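Note sheet for the following structure.
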């Protein structure tokens, strides 16, 4: 069999009209985001909705979300490799690609939030290791590099089989594929604790804020890990279903149903158990009455609580708990999308509950940091108030579009569909060919 015949099965088709339109749309969103960021750099953070009282906003909310999406995706992709299992093999490469895109988005969101990105070098030249932000910045870089390596390791033999330059000179041989399996195990052994560390360190940024009573808790890091598992797996299922619908990528229905069941288990642990573990002691200490405890535990304090626990928690949990429902692709897609939606608003709620109450309740409060408009109270506040501006929304959308471009171009140039195990590589007369084992 000739090399052309052997590698034709790996050829990714060119973008059609719809694909080119999609890429063009994403590129346009990126350009708008860059323009908005340039405006923010020249004008200052005053063009955002953030002020001294509410110093974290949309950028950090989305940073937390995409760190979780990335960590959860890599955990799901790495765990079977670590345990030498071929379960969910068809989702491994796509999961790592999505994880790489998400951690890229998370890392880029740090830049507009710090306001002075030209000083970023100080993280390397004079880091203060007492700060969780330094640890988080370092783990994000390490995690991104690990994702890039893992994706290349998973696909490099197939890239070599189709003659791609992305193989970087690696040859497609039986012995090489066997060595890669060993490398995948050790990479998974590193990836799993790194993914846990990534979201744990992010959680500790909140948990170590002694002055913020709603954040200062030892449960924040475990809650963040559970949130990563829910959102990461939910996003992977949503993307895999969409990719199978619009590309040649095929999803194994049995594995898809099984992962839907796993998502239901993650939702139950996160929304039911950890919610009770976090809220019940506070409710008990505040009220000491059965109905008061039950009311505080079940009702919550804001619309964000309902969006997270009911729309993004209870509803998808019920959908995935029913076996007859769980076998439907539309149900898995909807439940997964709702899980990601709920996790998003859990992050919104986290930031808002921390900043709603300022650390001083005496008048006049804290300087807002805005411009004085001639009214004595407009530059002081004793409670937080925040609404993202169009500049923040445009910058955030542009960064997210970069992540979508990474996934789109990855599907175009990287063999995301794993090759069946029934084929192997042989060399005959200096010519690579495929044959049945």
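The values are calculated or read from the model by the stated rules, or taken from the named source; none is laboratory data. As the structure is a prediction and not an experimental result, all values here were calculated from the model. Cβ coordinates were reconstructed from backbone atoms using ideal geometry, including for glycine residues, and neighbour counts include every protein chain displayed.
Modelled with pLDDT of 85 or more and surrounded by 15 or more Cβ atoms within 10 Å (Cβ to Cβ): does that describe residue 230? Judged against the criteria, residue 230 is a match. Checking the range 334-351 against the condition returns no match, with no residue being at pLDDT below 90 and surrounded by fewer than 18 Cβ atoms within 10 Å (Cβ to Cβ). In the range 184-191, is there at least one residue being more than 22 Å from the chain's Cα centre (by Cα) and outside any helix (DSSP H, G or I)? There is no residue in the range 184-191 that is more than 22 Å from the chain's Cα centre (by Cα) and outside any helix (DSSP H, G or I). All told, residue 65 falls short of being surrounded by fewer than 20 Cβ atoms within 10 Å (Cβ to Cβ), closer than 29 Å to residue 40 by Cα and modelled with pLDDT of 90 or more. Answer yes or no as to whether residue 144 is surrounded by fewer than 20 Cβ atoms within 10 Å (Cβ to Cβ), under 17 Å from residue 195 (Cβ atoms) and at pLDDT 85 or above. In short, yes. Restricting 267, 274 to residues that are under 22 Å from residue 219 (Cα atoms), modelled with pLDDT of 85 or more, surrounded by 13 or more Cβ atoms within 10 Å (Cβ to Cβ) and not assigned by TED's automatic domain parsing to the domain that holds residue 68 narrows the list to 267.
Conditions (1) within 17 Å of residue 67 (Cβ to Cβ); (2) assigned by TED's automatic domain parsing to the domain that holds residue 336; (3) at pLDDT below 85; (4) in a helix (DSSP H, G or I), marked per residue:
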| residue | (1), (2), (3), (4) |
| --- | --- |
| 224 | yes, yes, no, yes |
| 236 | yes, no, no, yes |
| 243 | no, no, no, yes |
| 258 | no, yes, no, yes |
| 261 | no, yes, no, yes |
